[in-house]
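Asks: Take a look at the following structure, please.
Each reported figure results from applying straightforward, stated rules to the coordinates on display, with no laboratory input. Note that this is a predicted model, so its numbers are computed, not measured. Note that each Cβ is placed from the backbone with ideal geometry, even for glycine, and that neighbours are counted across all protein chains shown.
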Amino acid sequence: MPSIKPLDQLRKLETPDKSFRWYLNTIRKVGLASYSANRAMKTDIGEFTADVEIGNMYLFLYDPKNKETLPYYDAAPLVVAFRTTLDGFYGLNLHYLPPMMRMRLFGNMIDASVDKLDEGSKIMLKWSVLKNISRFPGSNVCVKKYLYSQVSSRLLKINPKDWRIACMLPIQVFEKRSDNFVYQDSRSKM
């Protein structure tokens, strides 16, 4: 008898109108509270790609160029790309917000740019729109630039049907500081 995969359990239970607390509680119930980025990258939550496209969500491992001078950083970013450059891309790393705020920001982004969440969905919002703090609270602390030369894994492009699940997985890997410190710092900058 095949074992049931935790992400499959979440997919069966997921409906778009579920509350933030429901996601958190369900993640705990199905045993994903200690899930890791490496483990998530080995599931069917997405597919590996070499290219970054605006509007897609990506999970990858990252080793910042100037990490010695950074107060902290996420070594496993979950990023919605909104601008590409020759040497990398800009995106919103949702991990810089606590889960409830992360889901609220993500929900606002979906509401503003996607009619129906399906395989071809993209979050097509420019920074000029995203920086509207009243409409997208928390977006300012999530903006990061990523250099291709510092990406230390393959890029996992998250399937749009699994964006909500990915947002809620506790797969952030903050270096130099705890999750709670980063969340508190983010709140203070909003």
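Asks: Which links in Lys126/Lys161; Lys122/Lys189; Lys126/Lys189; Lys126/Lys157 stretch past 26 Å when you go from one Cα to the other? Don't skip to the answer; put the middle values down first.
Replies: Values: Lys126/Lys161 22 Å; Lys122/Lys189 28 Å; Lys126/Lys189 21 Å; Lys126/Lys157 19 Å.
Among Lys126/Lys161; Lys122/Lys189; Lys126/Lys189; Lys126/Lys157, the Cα-Cα distance tops 26 Å for Lys122/Lys189.
Asks: Further question: Can you list residues whose amide H is under 5 Å from Gly88's amide H, if they're 5+ apart or on another chain and H is modeled 1.01 Å from N?
Replies: Residues meeting the criterion, in which the H sits 1.01 Å from N, are Tyr148.
Asks: List the trypsin sites (Lys or Arg not before Pro) in the stretch 75-123 that DSSP assigns to loop (not H, G, I, E or B) and whose Cβ has at most 11 other Cβ atoms within 10 Å. Which are they? Write out the running numbers ahead of the final one.
Replies: Values: sites: Arg83, Arg102, Arg104, Lys116, Lys122; in loops: Lys116, Lys122.
Hits after loop and neighbour filter: Lys116.
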